[in-house]
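To keep things clear, I will list the structure first and then write my remarks on it.
Where a number appears in this text, it was derived from the coordinates with a stated rule and is not lab data. In this text the structure is predicted, and so the values were computed from the model without any measurement. Note that we place each Cβ from the backbone using ideal geometry, even for glycine, and neighbour counts take in every protein chain shown.
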Amino acid sequence: MSGQPHDDRPAGSAPAAAGRVPTAAQQRLIDRGTELFRRIAPGAELGYRLLAGDEGVVVFQPVRGGGSIYVAADGSVLFAASAIPPHRALEAFRAGRRTPVERFTGTDRQ
């Protein structure tokens, strides 16, 4: 399926003029989420969404079995597997739940 909801953008690319353009601070958060996703899913297609009412963003894999990384303004993150409904993940994120960045590792686990 090639269509994406209008707020979804490929990570690292600027949305069309009609969409919300990330601020420089939001772009840094998108970059952080993208870098963390690259650790666990190298080469995966990623998108992002700016969180309304928050300074944060969510970077996600738009495929079945993917996941989402919510990134707060302070750079802290929450990973949510695709089995978690987005509204539940957002509630947990806004309540302060976070994933330690040390958990974002590839095959070279220590």
Q: Starting at the first residue of region 41-54, write each ³J(HN,Hα) from the Karplus equation 6.51 cos²θ - 1.76 cosθ + 1.60 with θ = phi - 60°, in whole Hz, x for Gly and Pro.
A: 9, x, x, 5, 6, 10, x, 9, 9, 7, 7, 5, x, 10
**Q.** Protection-proxy order for peptides 51-63, 68-80, 94-106, each taking the mean of Cβ atoms within 10 Å per residue, highest first
**A.** 68-80, 51-63, 94-106
Q) From the phi of every residue in region 26-33, what ³J(HN,Hα) in whole Hz does the Karplus formula 6.51 cos²θ - 1.76 cosθ + 1.60 yield, where θ is phi - 60° and glycine or proline is x? A) 5, 5, 4, 5, 4, 4, 5, x
Q.
Once you keep just the Cα pairs under 8 angstrom separated by 6 or more residues, what percentage relative contact order results for region 27-66?
A. 37 percent
Q) If you stretched the chain out fully between Ala81 and Ile40, how much longer would it get, using 0.36 nm times the residue separation minus the C-alpha to C-alpha distance? A) 13.5 nm
**Q.** Karplus 3J(HN,Hα) series, Hz, for region 66-74 with 6.51 cos²θ - 1.76 cosθ + 1.60 (x for Gly, Pro)
**A.** x, x, 9, 10, 8, 10, 7, 4, 7
Q: Note the full-extension length gain between Arg64 and Arg103 as 0.36 nm times their separation in residues minus their Cα-Cα distance, in nm to one decimal.
A: 11.9 nm
